[in-house]
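*Asks:* Please read through the structure below; I'll follow up with questions.
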Amino acid sequence: MDEPVVEIQPYETERDAASALAGDLMALNGVREKLPGKQLRMLDFRLLEKDGGNSAPFQAVIHDPETYRSVMVSGKLSALGEADVRSVRFRPRPDAEEFARAVEAVGSHPELGQVLTRDGAHVYRPMPPLADIEHADGTTDRVVTVGVRDPGGEVKHRVVGVRMRDNAVIPSPAGVPAPASNECETTPGVDDCPDEQPGPRSVRVRVRRGATELWNLVVSRPANSSGTNGSGAELRFVDYRGTRVLYQAHVPILNVQYGADGHAIGCGPTYRDWQNQEACFTADGDDPAGPGYRLCGSAPATILDNGTDSGNFRGVAFHHDGSELRIVSELAAGWYRYISDWRLADDGVIRPRFGFAGVSNPCTCQAHTHHAYWRLNFDIAGAADDRVDEYNDPPLTAGAGAWTPLRFETRRERLPLRRRQWRVINRATQQGYHIVPGPNDSTADAYGAGDLWVLRRRGNEIDDGQGFTTDPVLSRAHLDDFAGGESVDGRDLVVWYGGHFHHDEHDHTPVPHVVGPDLYPVGFH
Ligand SMILES: [Cu+2]
């Protein structure tokens with residue numbers, strides 16, 4: 001058999017077109033009225049229709065760091081002047097520059113500066129990333145949090161705040177974990193790999209054996225991924241053996257939920273995380289399309305593989321191991337580290353994976369649950385005419401077949417007792433993918449919201465629009481809102497798949513810190 005060949009080339013996305021448009025959007029009267037600042041930033045841009053051309057509807061979020069306000073602009077590309085502009089609450093997470101400014105203020109603080117001179121003491125990015133102060137008149141002071149770790153001290157962890165308008169240090173901001181004398185995950189946080197920008201926003205990736213093209217897809221690194229909070233390593237336009245199978249596949253919603261022990265010391269109660277901050281990991285190889293996309297000769301190693309937060313690379317690493325292409329990235333959200341991992345096998349099997357890890361912190365010693373939600377927009381042999389069937393053994397009604405079609409938008413529970421599975425099928429070609437739950441994917445509790453949703457594809461439902469928050473009511477995945485009961489028989493479909501990983505350091509049973517289903521091709525010959 002021919003050796004596998006992996007090719008990577010730069011790929012231009014709609015976001016490139018968007019940056020060309022950014023100046024026009026920021027100059028709109030409606031935007032200028034609400035955002036007077038001089039350095040507006042476009043935080044999000046999306047086209048709401050597939051192949052919409054010039055008349056395509058779009059949605060953009062523009063932020064003014066000076067007034068700390070944001071607007072959402074929605075309209076059509078061909079009629080920017082008629083676009084609708086409205087204020088939205090959006091708090092961008094601190095970037096490297098802002099966090100460095102906060103760290104400098106902490107270092108200059110008399111007592112905290114003293115702590116930082118002790119042996120092994122260091123600062124890190126904690127949770128929550130912000131401890132903003134809201135005033136009675138509706139204005140907000142932005143407060144960036146900084147973790148101070150003193151491994152030899154009586155108090156090992158402190159989460160302090162810095163008010164960004166005047167760099168004032170707030171030693172005990174509200175809503176952060178209490179000072180802690182114990183810690184979990186003894187690996188210190190390191191951010192020691194190069195951050196080369198700008199490379200290509202996305203790349204086209206091809207896997208060939210001889211004259212046969214097995215896979216052809218577009219991959220975006222987490223920093224350029226779509227969604228309110230990003231979505232990890234994001235796949236688009238995925239073709240297997242020349243047939244379109246997925247239009248888009250990513251993880252736009254990611255939550256952490258603490259139990260009572262965690263609440264008691266100020267952890268959570270929940271965190272809506274983000275998937276667009278990249279962490280360092282080990283990846284040896286070349287960057288044929290530019291920085292941020294590395295083709296590796298050996299398997300990349302993340303914190304889950306080697307237990308270190310160090311590395312020589314950030315972005316997306318590709319490695320073909322002889323039977324499958326791995327697409328690997330490591331993410332950072334405060335002290336959490338996440339592994340965004342896709343495996344595309346030569347035989348057509350797709351294995352989406354999400355892994356959970358962390359660096360030294362005062363919270364993850366307490367039992368908590370991670371909830372990751374994949375959004376899989378299947379386009380089996382084209383966008384239209386797909387259907388989802390559910391498998392139950394024993395069947396739901398006696399005498400019925402094991403497979404039954406799901407006719408309307410719905411939320412489904414993973415039901416191991418019935419060996420429940422699903423398949424997405426194109427009604428005309430009978431090709432599709434069979435979704436088999438992973439052994440560690442668990443089932444949702446009330447906060448976990450659900451295990452699987454089958455929805456019509458709508459361009460404004462990339463995620464539920466919720467930015468970072470600790471509030472359980474807000475952070476809970478609001479996917480039921482999308483299940484309005486429309487027909488899903490023969491439509492352009494989105495499957496959301498939830499994986500729930502309960503993490504308890506007091507339970508010493510070895511369990512993989514990875515969730516994800518296996519997707520088997522049906523009808524590809
Ligand atoms: Cu955990």
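*Asks:* Using the Cα centre of the chain as origin and beta-carbon charges of +1 (Lys, Arg) and -1 (Asp, Glu), tell me which of LEU235, GLN275, PRO194 is placed farthest towards the positive end of the dipole.
*Replies:* Positive-end residue among those listed: LEU235.
*Asks:* Mean projection of the alpha-carbon convex hull of the chain over all orientations, in nm²?
*Replies:* With every direction weighted equally, the projected area is 25.8 nm².
*Asks:* Could you give me the ³J(HN,Hα) list for the stretch 219-224, computed from phi with Karplus coefficients 6.51, -1.76, 1.60 and θ = phi - 60°, whole Hz, x at Gly and Pro?
*Replies:* Whole-Hz 3J(HN,Hα) from phi for the stretch 219-224: 10, 10, 5, x, 4, 10.
*Asks:* With axes computed from alpha carbons, what is the tilt in degrees of helix 96-108 against the longest principal axis of the chain, rounded to the nearest 10 within 0 to 90?
*Replies:* The helix 96-108 is inclined about 20 degrees to the chain.
*Asks:* So in the chain, which Cys have no other cysteine's beta-carbon sitting under 4.7 angstrom from theirs?
*Replies:* CYS296
*Asks:* Okay, next question. In what order do PHE524, PHE58, PHE45, PHE354 fall by count of nearby beta-carbon atoms within 10 Å, going from fewest to most?
*Replies:* Ascending number of Cβ neighbours within 10 Å: PHE524, PHE45, PHE58, PHE354.
*Asks:* Moving on to the next point. Got a sec to turn the phi values of the stretch 317-333 into Karplus ³J(HN,Hα) couplings, 6.51 cos²θ - 1.76 cosθ + 1.60 with θ = phi - 60°, whole Hz, x for Gly and Pro?
*Replies:* 10, 10, 8, 9, 9, x, 10, 8, 8, 9, 10, 10, 9, 10, 10, 10, 9
*Asks:* Before anything else, pin down the relative contact order of the stretch 385-470: Cα pairs under 8 Å, at least 6 apart, normalised by residue count, whole percent.
*Replies:* Result for the stretch 385-470 is 29 percent.
*Asks:* Using +1 at the C-beta of Lys and Arg and -1 at the C-beta of Asp and Glu, which of TYR247, PRO128, MET164 has the Cα lying farthest in the positive direction of the dipole of the chain?
*Replies:* TYR247
*Asks:* Based only on other Cβ atoms within 10 Å, what is the fewest-to-most ordering of CYS296, CYS184?
*Replies:* CYS184, CYS296
*Asks:* Using +1 at the C-beta of Lys and Arg and -1 at the C-beta of Asp and Glu, which of ALA105, ALA20, THR67 has the Cα lying farthest in the positive direction of the dipole of the stretch 1-106?
*Replies:* The listed residue farthest towards the positive side: THR67.
*Asks:* In addition: I'd like to compare 285-295, 223-233: which one has the highest average count of other Cβ atoms within 10 Å, and what's the full order after that?
*Replies:* Result, highest mean first: 223-233, 285-295.
*Asks:* Rule-of-thumb check for the stretch 295-424: C-alpha Rg over 2.2 N^0.38 Å?
*Replies:* Working: Rg = 19.3 Å, N = 130, 2.2 N^0.38 = 14.0 Å.
For the stretch 295-424, the normalised Cα radius of gyration is 1.38.
*Asks:* Per the helix-only calculation at 222 nm, which mean residue ellipticity applies to the chain, given -39500 (n - 2.57) for every DSSP H run of n ≥ 4 and division by its residues, nearest 500 deg cm²/dmol?
*Replies:* -2500 deg cm²/dmol
*Asks:* Calculate I(q)/I(0) for the stretch 11-88 by the Debye formula, one identical point scatterer on each C-alpha and no solvent, and give its log10 at q = 0.21, 0.26 Å⁻¹ to two decimals.
*Replies:* Debye curve over Cα of the stretch 11-88, log10 I(q)/I(0) at q = 0.21, 0.26 Å⁻¹: -0.88, -1.29.
*Asks:* Here's a follow-up. For a protection proxy built on the mean count of beta-carbon atoms within 10 angstrom, sort 474-484, 511-521 highest first, please.
*Replies:* Taking the mean over residues of other Cβ atoms within 10 Å, the ranking is 511-521, 474-484.
*Asks:* Quick one: PHE99, PHE313, PHE408, fewest Cβ neighbours within 10 Å first, how do they rank?
*Replies:* Going from least to most buried by this count: PHE408, PHE99, PHE313.
*Asks:* Separate question: Taking 20 °C and 1.002 mPa s as the conditions, I'd like the Stokes-Einstein D for the stretch 206-313 in µm²/s, using the Kirkwood hydrodynamic radius from alpha carbon pairs.
*Replies:* D = 130 µm²/s.
Since every read-out is calculated from the coordinates, none of them should be taken as a lab result. Just so we're clear, the structure is a prediction, and the values are computed from it rather than from any experiment. All Cβ positions, glycine included, derive from the backbone under ideal geometry; neighbour counts span all protein chains shown.
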